Each structure stands twice: as C-alpha cells, then as structure tokens.
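Data first, discussion second: the structure below is written as structure tokens.
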Amino acid sequence: MTLDARTAARLAALTAVAITLQIAESLAPRPLPWLRLGLANGVTLLALVRLGTAAGLTVAGLRVLLTGLLLGTFGGPAFVLSAAGSAAAVLVMAGALRRLCPPLSLLGVSVLGSGAHVTGQLAAFSGLFALGSGALALAPVLTLTAVPLGLITGAVVLAVHRRLPEW
C-alpha cells in the first residue's frame, strides 16, 4: 500500500483513536469481566469504509500491537485473545463490505464483526488453554451479547461516518 501524507495522517489518527478507546474500555468498570462495547473495532470498521481493506488491517494490527505494549499484555493471553478477535473481526467486516455477503448496512457489518470477534477469541481461548471444544459452552452467552453490542458500535460508527467530511 503506497501512502500519501494525507492517508498516512488519517491512518495515524484512526489508530490513535482506536488505541485510546481500547485502553479506556479496558480500564472502565464492566458488569461482566469479558464484556466490552468494542468501540476500537468500530474505528477499524470506519477505516475499512473510508480507506479500504489495507487501512482497516493496518489500524487493527497497530492497535492490538501498541495497546498490548502500552498495557503490558504483549505476548500474554489477553494479547492473544485481542489479536485473534480483532483479526477475525476485520477479515469478516472487510469481506462483508466487499459484498461477499448480501449488501448490509454498517449496523449489519458491525454485528458480523462483533460475532467474528467472539468466534476468534473463543478459538484462541480454546487453543491457549487446551479446552478443545469445551470453549464452545461459552458461545451462546457471548453471541447473545455480541449482537446488541455490535448494533451499538455500528450505530456509533454510522453516526460518525455520516458526520465526517468526505476523505
């Protein structure tokens, strides 16, 4: 991906916002330990919509790497879970945006990304802790939370997308 200065600045800004949101969400009190809104993945969705697949992958990858370094989780289980969930989410959202699925709104793409994030984390969790298919017992609860959280994140992305000037 060849970057001009404007695109590089946009990628840097989106990455900084995503890192800030992920750190804020990790520090905020949660009703359940694994429950997060996922606004950092919303920034990835915004990058995908505005700048394309390579930009979305870049924002997600840099966010996971730099947040892991800043929070001291780099290389640990939390980092692996974050990386797996983010990778699954960005790939599914990019595929949905490229019309591999029927045309979806940003809300639908966000819900797919949220579900993929859960799936990626469950796969990583299962592999990290040698649970085999035992981690699938968590899938129903996590999926039930992924849908409304994906809708909320998608609504935020949609509102921001509509209010940002064209790039």
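The values are calculated or read from the model by the stated rules, or taken from the named source; none is laboratory data. Everything numeric here is computed off the predicted structure, so don't read it as measured data. Glycine gets a Cβ as well: all are built from the backbone with ideal geometry, and neighbour counts include every protein chain shown.
Of note:
- Here G75 fits the description: outside any helix (DSSP H, G or I) and not hydroxyl-bearing (S, T, Y).
- Among residues of the range 35-58 that are more than 26 Å from L142 (Cα to Cα), those with a beta-carbon under 6 Å from a residue that is at pLDDT below 95 and part of a loop (DSSP other than H, G, I, E, B) at least six positions away or on a different chain give the pairs R50/W167; A54/M1.
- Out of L62, L112, L81, L3, sole residue that is closer than 28 Å to F129 by Cα, over 10 Å from the mean Cα position of the chain (by Cα) and surrounded by fewer than 18 Cβ atoms within 10 Å (Cβ to Cβ): L62
- Taking the listed residues L122, L112, L104, the one that is more than 13 Å from L57 (Cβ to Cβ), free of Cβ contacts under 8 Å to residues at least 40 places away in the same chain and part of a loop (DSSP other than H, G, I, E, B) is L104, with no other qualifying.
So that you can scan it fast, the table gives a plain yes or no per residue for (1) at pLDDT 90 or above; (2) farther than 27 Å from G75 by Cβ; (3) among the hydroxyl-bearing types (S, T, Y):
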site	(1), (2), (3)
P103	no, yes, no
L107	yes, yes, no
A124	yes, no, no
A130	no, no, no
L136	no, no, no
P148	yes, yes, no
G154	yes, yes, no
R162	yes, yes, no
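- The listed residues are V64, V80, V49, and the only one of them that is in a helix (DSSP H, G or I), in contact with a His (Cβ under 9 Å, 6 or more places away or on another chain) and among the β-branched types (V, I, T) turns out to be V49.
- Of the residues making up the range 24-70, those that are of a type in the set (V, I, T) and closer than 18 Å to S114 by Cα are V43, T44, V49, T53, V59, V64.
- When T119, T67 are checked against the criterion of being under 15 Å from the mean Cα position of the chain (by Cα) and surrounded by 22 or more Cβ atoms within 10 Å (Cβ to Cβ), T67 stands alone in meeting it.
- Lone unmet requirement of (1) in contact (Cβ under 8 Å) with a residue 40 or more places away in the chain; (2) out of contact with any helix residue (DSSP H, G or I) (no Cβ under 7 Å at 6 or more places or on another chain); (3) under 22 Å from L37 (Cβ atoms) for G61: (1)
- Filter result for A146 (in contact with a His (Cβ under 8 Å, 6 or more places away or on another chain), buried (at least 18 other Cβ atoms within 10 Å of the Cβ) and in a helix (DSSP H, G or I)): yes
- Residue match in the range 74-96 (condition: at pLDDT below 95 and within 17 Å of L151 (Cβ to Cβ)): yes
- Cβ pairs under 8 Å, 6+ apart, first in the range 153-167 and touching a residue at least 12 places away in the same chain (Cβ under 8 Å), second in a loop (DSSP other than H, G, I, E, B): T153/L37; T153/G38; G154/S105; L158/S105
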